[in-house]
Amino acid sequence: MIKMYTTSWCPDCVAAKTALKKKGLEFEEIDIEQTEGAAEYVMSVNGGRRSVPTLVYQGDAVSLSNFSRAKLDAYLEKHGLQGA
């Protein structure tokens with residue numbers, strides 16, 4: 001399952017969640033401000049930045065900060081997760 005690291009106030013997170021839902025893809029949302037260790041993990045995979053949303057699938061992490069459908073679609077395609 002896809003993990004999505006988010007914050008409650010992030011507009012890019014809302015856009016990414018909406019896009020995944022439209023594709024019918026399930027994901028686990030992890031709020032980095034509410035989950036112990038989550039912010040540190042996000043920084044460890046994003047060069048020290050608290051970059052959200054960050055998607056993780058099978059250990060492969062990508063930041064979708066400055067959200068674009070093309071970036072999301074490329075990540076999903078890489079993992080065979082096109083959805084609807």
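The values are calculated or read from the model by the stated rules, or taken from the named source; none is laboratory data. Computed from a predicted structure; not experimentally measured. Cβ coordinates were reconstructed from backbone atoms using ideal geometry, including for glycine residues, and neighbour counts include every protein chain displayed. Only protein heavy atoms, including side chains, enter the accessible area calculation; ligands, DNA and RNA are left aside. Shrake-Rupley method; radii C 1.70, N 1.55, O 1.52, S 1.80 Å.
For LEU81 and TRP9, what does the FRET efficiency come to when R0 = 35 Å and r is the distance between their Cβ atoms, rounded to the nearest 0.05? Kindly include the intermediate steps, with their values, before the conclusion.
Values: r = 27 Å, r/R0 = 0.76.
Calculated value: 0.85.
Packing order of peptides 4-10, 38-44, highest average first: 4-10, 38-44 (average count of other Cβ atoms within 10 Å over each peptide's residues).
Expressed as a rounded percentage, what relative contact order does the chain have, with Cα pairs under 8 Å and six or more residues apart? Intermediate results must be reported in sequence, preceding the final value.
On the way: 123 pairs, mean separation 28.4, N = 84.
It rounds to 34 percent for the chain.
The slack in the chain from SER44 to ASN66, taken as 0.36 nm per residue of separation less the alpha-carbon distance, amounts to 6.0 nm.
Leaving ligands, DNA and RNA out of it, report the carbon-plus-sulfur percent of the accessible area of the chain at a 1.4 Å probe. Intermediate values should be presented prior to the final figure.
Details: 2290 of 4720 Å².
Result for the chain: 48 percent of the exposed heavy-atom area is carbon or sulfur.
Name the trypsin sites (Lys or Arg not before Pro) in the range 15-84 that are in a loop by DSSP and that have at most 12 other C-beta atoms within 10 Å, would you?
On the way: sites: LYS17, LYS21, LYS22, LYS23, ARG49, ARG50, ARG69, LYS71, LYS78; in loops: LYS23, ARG49, ARG50.
Passing both the DSSP loop test and the Cβ count: ARG49.
What's the Cα-based Rg to Rh of the range 2-79, Rh via Kirkwood?
Details: Rg = 11.3 Å, Rh = 12.3 Å.
Reported Rg/Rh (Cα atoms, Kirkwood Rh): 0.92.
Per-residue 3J(HN,Hα) values for the range 45-62, derived from phi via the Karplus relation 6.51 cos²θ - 1.76 cosθ + 1.60 with θ = phi - 60°, read 9, 10, x, x, 9, 7, 8, 10, x, 10, 9, 9, 9, 6, x, 9, 9, 9 Hz in sequence order (x marks Gly and Pro). Summarising the strand pairing of the chain, around 60 percent of its internal DSSP beta bridges are antiparallel.
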